[in-house]
Amino acid sequence: MEEDADYRVGFSSLYSIHDHLGFQGTIKNSPSDFIVIEIDEQGQLVNKAMDEYFLEVSKILPEPKNIAKKPKLDFQTGTFDARSNQEVTGLARFSSGEPNLQSDSRKEDSTSDGTTSTWEEGKADLLSSFLDEKTNEQLSQFALEIKEQWNLKRESVEASPELSLGRFLEKNQRAALHSVVRQTFPFLITVGKNSEIVVKPNLDYKELCCLVSEEEALDFFKYLDAKKENSKFTFKPNTNKDHRKAVHHFVNKKFGNLVETKSFPEENCKSGNNRNVITVRFREKVHRSEKRALLQGQERKVVYTAFTLRKENLEMFEALGFLAMKLGVIPSDFSYAGLKDKKAVTYQSMVVKKVNPERLKSVEKEMEKKRMSVFNIRPVNDPLRLGQLKGNHFDIIIRNLQNQTNDSANLRERILEAIENVKHKGFVNYYGPQRFGKGRKVHTDQIGLALLKSEMMKAVRLFLTPEDLDDPVNKAKKYFLQTEDAKGTLSMMPEFKFRERALLESLHRFGMTEEGCTRAWLSFPHSMRIFYVHAYSSKIWNEAASYRLAIYGCRVVEGDLVCLEEDVNDHFSSSKVHLVTEEEESANTYAMYQVVLPVLGYNILYPKNKVGQWYQEVLSHNGLQACRFKVPTLKLNVPGCYRQVLKRPHNLTHQLQGDGDAAVEIEADASLALAFDLDASCYATVCLREIMKHDV
């Protein structure tokens with residue numbers, strides 16, 4: 001086995017089970033040449049139109065309101081209303097409509113008649129009701145000194161002084177004092193240390209004052225602290241795009257887990273300067289009151305909306321990022337049964353959480369700009385799971401047909417021979433090259449290996465490695481590798497690169513360290529993080545399958561693993577796997593279509609022959625001999641699974657288009673149309689590779 005320790009091959013060198021010569025041609029000349037339609041668990045194509053789905057507005061499920069109302073403050077006593085003695089645990093989500101940008105929208109906490117609120121008039125009295133005269137004076141003096149330091153020197157306060165206001169044993173009293181101090185002095189922050197309240201300079205306020213006026217900064221931090229349900233805050237109109245970007249970046253970096261920002265054209269703008277305003281609104285948050293509601297028998301029903309997503313020439317994660325932004329949710333709120341090709345027209349089932357059907361329908365026009373559309377929209381009770389599908393249907397056109405080099409045989413005969421071979425004997429069930437980032441400098445499996453080894457900084461650098469292109473995305477990546485300046489790179493990275501921007505925002509916040517890079521990877525949804533680890537496992541599986549066939553061929557041998565059940569996917573347990581004995585090999589007890597190989601994880605069996613030895617040597621070579629396939633810092637646990645070595649296409653049909661008489665050679669402009677179904681997790685490009693005998 002020693003000579004096989006470094007058996008590392010590229011996709012083009014993987015073993016093929018057929019000896020026909022094949023033919024050449026091109027696929028994906030355009031996305032419409034490669035159509036993928038998901039087949040659901042009932043065997044139905046998901047693009048098939050459903051019965052017309054009628055919903056009256058009164059029957060539409062409302063958006064979830066997982067909101068704990070803020071307790072009301074009695075301005076006379078400085079205590080909370082007895083009807084609500086709970087702490088705030090959630091923030092209101094804004095409505096789906098466009099904001100109403102009135103000229104006084106930055107001060108929505110004012111009373112309806114335009115006069116100053118009771119809060120502003122009575123703030124001094126409120127502080128007196130909490131603090132004794134000496135502490136109150138110390139607080140005022142502390143605030144004055146902070147402002148003087150900031151006025152004398154523009155940089156942030158270095159020593160970060162603090163002032164203790166004393167201990168307050170009652171929880172409600174502490175909550176009220178936190179709010180009163182922050183509303184009275186928005187340039188200060190309060191920190192709880194057990195029952196003690198400490199006041200410090202609000203350095204975020206100071207930083208914001210470098211971008212906007214002090215009046216706006218004061219109003220913004222009052223808005224944040226008030227947490228007024230369904231409220232919004234609007235900065236003054238601005239024509240400078242770079243300045244607006246800086247404000248967006250500041251708010252999202254510092255408070256992105258609480259609020260979100262959007263730019264809108266200023267209403268009734270007569271200057272003609274295309275001035276835009278930045279509006280801030282609170283995000284929805286899940287909170288502990290849900291548990292209390294359950295205990296009270298008031299079970300909350302989470303809203304799930306299912307739909308079919310059609311996308312064209314668009315990466316799935318990019319599509320999800322765009323949808324999440326438009327719907328006001330996060331990418332992990334979407335669930336799906338499987339990934340789909342980028343350069344193709346694809347149809348797949350999706351479920352989104354916390355969005356009702358009407359809300360989804362409201363963004364249909366915006367989706368069209370990204371070559372996306374949704375239909376079959378309806379409410380459901382549960383999200384989707386990966387692998388929750390029967391397979392995929394493919395309609396593919398292969399153009400520019402020609403014989404392989406130095407092959408003078410009839411091309412039509414070559415094509416028919418190849419199709420018949422794969423139709424009846426199947427193909428090697430490799431993971432397709434698109435799983436690894438076909439044509440890129442850095443493949444997804446390399447990133448997955450770095451994550452498995454907890455090399456977080458290396459994984460970040462690999463993820464942000466540029467291609468040899470001069471477009472804005474690769475210019476930004478090149479700048480980052482040269483400088484590690486996350487903030488500068490973020491300003492260069494296009495808005496549509498959601499994954500890159502999420503990573504850079506976290507790096508800017510937490511720093512380019514191992515810990516900072518770990519936090520950056522956690523900004524990705526779990527499905528995206530584990531995707532890279534799965535890519536590494538998939539690469540090793542491909543090489544193991546190729547090695548297995550190269551040394552043993554298409555016969556079942558002692559030590560092989562076979563699956564004892566039919567109609568299984570890649571997610572069956574080890575209890576369904578059997579180790580072939582010497583007697584069973586001699587008796588030809590099992591067929592090659594039952595042979596499976598493990599996809600790496602912590603809960604798998606390895607073959608008991610040369611293939612099992614190969615796995616161990618490759619893991620050792622990659623520095624994973626002690627790997628348990630768990631990355632606790634990234635919340636990743638990879639149990640592993642099994643995958644059949646051979647697969648067959650179902651319902652395979654073909655048609656030569658533009659072909660003349662069968663007795664003459666195929667014309668140069670002829671093309672081959674193929675239609676077939678594949679089981680879940682099988683790749684059409686791999687099936688085509690076996691038919692054509694060259695990479696596609």
Going by average Cβ neighbours within 10 Å, how do the peptides 235-243, 485-493 rank, with the highest at the top? 485-493, 235-243
Extended-chain gain in nm, criterion 0.36 nm per residue less alpha-carbon gap, THR239 and HIS650: 142.1 nm
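Given 0.36 nm per residue, what is the gain on full extension from ASP132 to SER574 after removing their alpha carbon distance, in nm?
Values: separation 442, 0.36 × 442 = 159.12 nm, distance 6.97 nm.
Full extension of this stretch gives 152.1 nm more.
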Quick check on the exposure proxy: order CYS554, CYS563, CYS641 from fewest to most C-beta atoms within 10 angstrom. CYS554, CYS563, CYS641
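Expressed in nm to one decimal, what extension gain is obtained for the pair ARG371 and GLU207 from 0.36 nm per residue of sequence separation less their Cα-Cα distance?
Details: separation 164, 0.36 × 164 = 59.04 nm, distance 3.96 nm.
Gain on extension, ARG371 to GLU207, equals 55.1 nm.
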Give the residue from GLY387, PRO433, MET493 lying farthest towards the positive end of the charge dipole for the range 375-496; charges sit on Cβ (+1 for Lys and Arg, -1 for Asp and Glu) and the dipole is referred to the Cα centre. GLY387
Calculated FRET efficiency, GLU515 and VAL473, Cβ-Cβ r, R0 30 Å, to nearest 0.05? 0.65
PRE reach from GLU162 (point 7 Å along Cα→Cβ): which of the range 189-233 fall under 15 Å by backbone N? 189-203
For the range 541-638, with the dipole built from +1 on Lys and Arg beta-carbon atoms and -1 on Asp and Glu ones, taken about the Cα centre, which of GLY553, HIS621, CYS563 lies farthest toward the positive end? HIS621
26 Å Cα-Cα threshold exceeded, pairs from LYS453/LYS693; LYS147/LYS487; LYS245/LYS311; LYS354/LYS477; LYS232/LYS254: LYS453/LYS693; LYS147/LYS487; LYS245/LYS311; LYS354/LYS477
Mark the label point 7 Å from the Cα of GLU215 along Cα→Cβ and return the residues of the range 234-266 whose backbone N is within less than 13 Å of it. 236-237
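Among ILE197, ILE17, rank each residue by its count of other Cβ atoms within 10 Å, from fewest to most, as a rough exposure measure.
On the way: ILE197 22, ILE17 17.
Ascending Cβ contact count within 10 Å gives the list ILE17, ILE197.
Mind checking the dipole of the range 464-524: about its Cα centre, +1 per Lys or Arg Cβ, -1 per Asp or Glu Cβ, Debye to the nearest 20? Display every interim value, and only then the final one.
Working: 9 positive and 11 negative charges, 41 e Å.
It comes to approximately 200 debye.
Could you sort 382-388, 35-41 so that the peptide with the highest average Cβ count within 10 Å comes first and the rest follow in order?
On the way: 382-388: 15.7, 35-41: 19.3.
In descending order of packing, they fall as 35-41, 382-388.
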Förster-model FRET efficiency, 51 Å R0, GLN482 and GLU582, C-beta, rounded to 0.05: 0.30
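Could you order the peptides 585-591, 684-690, 602-608 from most to least packed, using the average number of other C-beta atoms within 10 Å per residue?
My ranking of the peptides, most packed first, is 684-690, 602-608, 585-591.
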Report the calculated FRET efficiency for GLN141 and LYS425 (r = Cβ-Cβ distance, R0 = 51 Å), to the nearest 0.05. 0.05
With no solvent and one point on each alpha carbon, what is the Debye value of log10 I(q)/I(0) for the range 464-524 at q = 0.12, 0.20, 0.27, 0.29 Å⁻¹? -0.24, -0.67, -1.14, -1.26
Hey, how much of the P(r) for the range 541-638 falls beyond 15 Å, as a percent of Cα pairs? 64 percent
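Since every read-out is calculated from the coordinates, none of them should be taken as a lab result. Predicted, not measured: the structure shown is a model, and the values here were computed from it. Heads up, the Cβs are rebuilt from the backbone with ideal geometry, glycines too, and the neighbour counts pull from every protein chain shown.
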